[in-house]
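The values are calculated or read from the model by the stated rules, or taken from the named source; none is laboratory data. Predicted model only: the values in this text are computed from it and were never measured. Quick reminder, even Gly has a Cβ in these numbers, built from the backbone with ideal geometry, and neighbours come from all protein chains shown.
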Amino acid sequence: MAWKREEPVRPESVPVPTPAARPSNFSGVPVPAAGSDQLNIGKSVVVKGELSGSEDLTIDGTVDGTIELKQNVLTIGPSGKIKAQIVAKAVVIQGAVQGNITATERVDVRDTGSVDGDVVAPRVAIADGAHFRGSIDMQRAGQSKPEAKTAAPTTSTTPSAGAPVR
């Protein structure tokens, strides 16, 4: 009789759950995870006045006034019609915006988006096919506006009195 060496019992490998990374869309703006703080304003909703909050917001309706989401992402959906001054961390525009936009991170105007107003943000992306009319200021936070340069003192090129002119 031959002795058989017994193999030690190995536990089956159990996959270690890893926290799911928040996927991001192609512009780098994170896609909200299920159950995250995300508010949606539907196509039939009309808001007149001041809109502020501390969660990400998607607007497919109409807003007339001001929108302030300093620490959050504002997404204007394809049906969104905005006549407002906007202040947010990041703004993604797929609909129409009339008004100035200030973002601390980025403004992304998609191919279906339209902006009539000035944009102030350190990063601005405008897709081919998007409409934009206004100015863009891409200064970084804390950077001061350049001051007008003063003219250097000029020296006269006319000959002094009594010198012969050639």
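Couple of notes before you dig in:
- Residue within region 30-41 that is at pLDDT below 95, closer than 28 Å to residue 133 by Cα and within 13 Å of the chain's Cα centre (by Cα) present: yes
- Residues in region 101-143 that are small (Gly, Ala, Ser) and closer than 20 Å to residue 72 by Cα: 6 in all.
- For first residues located in region 124-140 and loosely packed, with under 15 Cβ neighbours inside 10 Å and in a loop (DSSP other than H, G, I, E, B), partners that are at pLDDT below 95 and small (Gly, Ala, Ser) and lie 6+ apart or on another chain with Cβ distances below 6 Å do not occur.
- Region 58-76, subset of a type in the set (A, V, I, L, M) and more than 13 Å from the chain's Cα centre (by Cα), residue farthest from residue 96 (Cα to Cα): 67
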